[in-house]
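Contents: one structure, followed by commentary.
The values are calculated or read from the model by the stated rules, or taken from the named source; none is laboratory data. Keep in mind it's a predicted model, so treat the numbers as computed, not measured. Note: ideal-geometry Cβ built from the backbone for every residue, glycine included; neighbour counts use all protein chains shown. Keep in mind that these areas ignore ligands, DNA and RNA; they rest on the heavy atoms of the full protein, side chains included. Shrake-Rupley method; radii C 1.70, N 1.55, O 1.52, S 1.80 Å.
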There are 2 protein chains.
Amino acid sequence: MVVSIKKATDQEKLAAFQNYDAWVFDLDGTIWKGSGLVPGAKEFIELLRSYQKKVFFVTNNATKSRVTNATKLTGLGIAATTAEVYTSSFAAAAYLKTTGFRKKAYVVGEKGLVDELSAAGITCVGGPEHVGKEVDWTEPEPQVEIDPEIGAVVVGLDRYINYYKLQYATTCLVNNSSCMFIACNTDSRGHFSSSQEWAGAGTMVAAIIGSSEREPMLLGKPASFILDHLCATHQISRDKCVVVGDRLDTDILWGNQNGVATCCVLTGVTSEAQLLSPENKVQPKLYVDSLGDFLTVKPLLPTSCTIM
Amino acid sequence: MVVSIKKATDQEKLAAFQNYDAWVFDLDGTIWKGSGLVPGAKEFIELLRSYQKKVFFVTNNATKSRVTNATKLTGLGIAATTAEVYTSSFAAAAYLKTTGFRKKAYVVGEKGLVDELSAAGITCVGGPEHVGKEVDWTEPEPQVEIDPEIGAVVVGLDRYINYYKLQYATTCLVNNSSCMFIACNTDSRGHFSSSQEWAGAGTMVAAIIGSSEREPMLLGKPASFILDHLCATHQISRDKCVVVGDRLDTDILWGNQNGVATCCVLTGVTSEAQLLSPENKVQPKLYVDSLGDFLTVKPLLPTSCTIM
């Protein structure tokens, strides 16, 4: 049975603030929209920090590295360290490291994905270096030559996708059953501009599932890997952790499936009508219009104990 | 229960020859391999024609038009008319015509698909004219402008796939629920050269399912449309018709699912071991090593009645 929920009251927001020591925020649609911050987001993060709360930023977007995201946050006024930022590209790199991976990765994705894999010591083939590559169909026996050292195909959003890359990835997976198949995320669409939704990483992942007839290991939300890694690395107890995001099928599902409280914000892709619809089976623990709504708890809190 | 089958005896081949009036052949791996004919294919087609059998050629390959395929057959020594050739691109055009379609089609595919749709009077957008198109990501609000007249997205193999085309197709389908979504075929891989398998139309179809979260209408094998059209147009009774092909998941499944006898040849992608494996659930009515095997029926036949 689906229990209907109501917008969080001041008392519920206060209880959340006091109960959760680790706040895990989605970025796009939650902290920022395009190039601008969501009103109140900066002030709420500052409030959390002033009470020694741990703050993390987790995005499925694999086109930008942790460093790039931390720099963008800091530039917008929310000081953030690289260690506080998780991307699905970082997750791919971290996962490969946990398996003791020593071969090369074939990348269907952009620079941010190659940057994260390279930072983890993984040699990459493909990615930006295969932009504009074409099969020579005038050859009597056309062929895409594969590096025999490839041990994983790693797929994220690639706005420079082409047939050469798809064929390269397919051949790696079909000809070598021990080649790993890693999906950074399977988001159908994303928001690179406000005028329209854009085909997301799920497009490239589905294409290669279609051609290779293999199933990938998913590392971004809603898979457990990033929460497992984050809780282990930062010694966070799941009952003291809350995920805050705008997407039901990634952010909220992610927390719900992994034993972590969830809070939905309505500043991104989910409307209040969609959230409260009887057809919606993914319910957050609480919801607010916007991160700025949490600022109403400020006068209710005991004096903050900022470390000087 | 799966009944195990044995290679067709001369008597079984003779019975098939005498029983079936319409022979529906797959092309690649059945009639030809790459640029050369399968040995005996030409002579067997001639034998069928000399006994007034109807002969058809059906391919899922949507990159070449009916005319191009008929020309290639004739060039290889098998005289064939356009009416005897069915491609999944022709099926897409014929299907749209049956629906009274009067809008424009957005094509993710190659020239052969545009040629077939155009021959049916359908105005096409995309296809070869969108090869090399890029989204201008330097714009403050990047956007792919959609022709509001698009009423169907038609997807076949596209070896010049790019993000622009994927985004165009996705936007048509997501923003307009009455826009039709047509898949010429969903073959995972095909054989454009003998050195490796190549990502097939299933790659592009899966990509757009992944981005649009919509399901296409499938028109190529193993969907019923081409058999329905062929039998109706040429007044063929299904119990007098046999499908001959090398692929279990398209050719043989196609016949089995649509009330038509099936014959598997081992000159293409299916080995005898795969065919006879207990794991194979798609069993043809009979199988032969090669089309040339049917020539053993020649001495057993009554005198042919070639029309001079």
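Can you tell me which residue within segment B:210-222, out of those that are out of contact with any Phe, Trp or Tyr (no Cβ under 8 Å at 6 or more places or on another chain) and open to solvent by less than 30 Å² (accessible area, probe 1.4 Å), is farthest from the other protein chains (Cβ to nearest Cβ)?
Ranking the qualifying residues of segment B:210-222, first place goes to B:Gly220.
Can you pull out the strands (runs of 3 or more DSSP E) entirely within segment A:1-95 that have at least 3 residues that are in contact (Cβ under 8 Å) with a residue 40 or more places away in the chain?
In segment A:1-95, A:22-25, A:54-59 are the strands (runs of 3 or more DSSP E) which contain 3 or more residues that are in contact (Cβ under 8 Å) with a residue 40 or more places away in the chain.
Just to be sure before I move on: is A:Thr74 outside the structural domain of A:Asp28 (by TED's automatic domain parsing) and at pLDDT 95 or above in the structure I sent?
Criteria met by A:Thr74.
Could you tell me whether A:Cys241 is surrounded by 22 or more Cβ atoms within 10 Å (Cβ to Cβ), touching a residue at least 60 places away in the same chain (Cβ under 8 Å) and either away from chain B (no Cβ under 14 Å) or of a type in the set (Val, Ile, Thr) (or both)? First the steps, then the outcome.
Details: surrounded by 22 or more Cβ atoms within 10 Å (Cβ to Cβ): yes; touching a residue at least 60 places away in the same chain (Cβ under 8 Å): yes; either away from chain B (no Cβ under 14 Å) or of a type in the set (Val, Ile, Thr) (or both): yes.
In short, yes.
Please work out which residue is most open to solvent (accessible area, probe 1.4 Å), limiting yourself to segment B:171-189 and to residues that are touching a helix residue (DSSP H, G or I) at 6+ places or on another chain (Cβ under 8 Å) and within 11 Å of chain A (Cβ to nearest Cβ). Can you show your working first?
Here is the first cut: in segment B:171-189, the residues touching a helix residue (DSSP H, G or I) at 6+ places or on another chain (Cβ under 8 Å) are B:173-174, B:179-189.
Subsequent filtering for residues that are within 11 Å of chain A (Cβ to nearest Cβ) retains B:173-174, B:183, B:186-189.
Values: B:Leu173: 3, B:Val174: 49, B:Ala183: 0, B:Thr186: 66, B:Asp187: 31, B:Ser188: 13, B:Arg189: 35 Å².
For segment B:171-189, the residue satisfying everything is B:Thr186.
If only one of A:Ser178, A:Ser193 is on the phi < 0 side of the Ramachandran plot, touching a strand residue (DSSP E or B) at 6+ places or on another chain (Cβ under 9 Å) and not assigned by TED's automatic domain parsing to the domain that holds A:Ala261, which one is it?
A:Ser178
Of the residues B:Thr267, B:Thr262, B:Thr250, which single one is buried (at least 18 other Cβ atoms within 10 Å of the Cβ), out of contact with any helix residue (DSSP H, G or I) (no Cβ under 9 Å at 6 or more places or on another chain) and either in a loop (DSSP other than H, G, I, E, B) or of a type in the set (Val, Ile, Thr) (or both)?
Criteria check complete, one pass: B:Thr250.
Within segment A:100-118, which residues are closer than 16 Å to A:Cys184 by Cα and open to solvent by 10 Å² or more (accessible area, probe 1.4 Å)?
A:Glu110, A:Lys111, A:Val114, A:Asp115, A:Glu116, A:Ser118
Quick grid of which residues meet (1) facing chain A (nearest Cβ under 9 Å); (2) touching a residue at least 24 places away in the same chain (Cβ under 8 Å); (3) buried (at least 24 other Cβ atoms within 10 Å of the Cβ):
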{"position": "B:Glu139", "(1), (2), (3)": "yes, no, no"}
{"position": "B:Glu145", "(1), (2), (3)": "no, no, no"}
{"position": "B:Val153", "(1), (2), (3)": "no, yes, yes"}
{"position": "B:Gly156", "(1), (2), (3)": "no, yes, yes"}
{"position": "B:Ile161", "(1), (2), (3)": "yes, yes, yes"}
{"position": "B:Gln167", "(1), (2), (3)": "yes, yes, yes"}
{"position": "B:Ser193", "(1), (2), (3)": "yes, yes, no"}
{"position": "B:Ala207", "(1), (2), (3)": "yes, yes, yes"}
{"position": "B:Ala232", "(1), (2), (3)": "no, no, no"}
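Return the total of residues in segment B:126-137 being of a type in the set (Val, Ile, Thr) and surrounded by 18 or more Cβ atoms within 10 Å (Cβ to Cβ).
The number of residues fulfilling the criteria is 1.
Where in segment B:99-213 are there strands (runs of 3 or more DSSP E), lying fully within it, with 2 or more residues that are within 20 Å of the chain's Cα centre (by Cα)? Spell out the reasoning first.
Numbers: elements: B:104-108, B:124-126, B:150-155, B:180-183.
Of the strands (runs of 3 or more DSSP E) lying wholly inside segment B:99-213, those with at least 2 residues that are within 20 Å of the chain's Cα centre (by Cα) span B:104-108, B:150-155, B:180-183.
For segment A:216-249, give me the residue count where each residue is polar (S, T, N, Q) and closer than 26 Å to A:Met204 by Cα.
Number satisfying all stated conditions: 1.
Check whether at least one residue in segment A:50-59 is open to solvent by 50 Å² or more (accessible area, probe 1.4 Å) and not assigned by TED's automatic domain parsing to the domain that holds A:Asn176, and report yes or no. Outline the logic, then answer.
Kept after step one, since they are open to solvent by 50 Å² or more (accessible area, probe 1.4 Å), are these residues of segment A:50-59: A:52, A:54.
Those left that are additionally not assigned by TED's automatic domain parsing to the domain that holds A:Asn176: A:52, A:54.
Yes - at least one qualifying residue is present in segment A:50-59.
So which residues in segment A:270-291 are in a helix (DSSP H, G or I) and open to solvent by 20 Å² or more (accessible area, probe 1.4 Å)?
A:Glu272, A:Ala273, A:Gln274, A:Leu276
Only one of these conditions is not met by A:Val67: (1) at positive phi; (2) more than 10 Å from chain B (Cβ to nearest Cβ). Which number is it?
(1)
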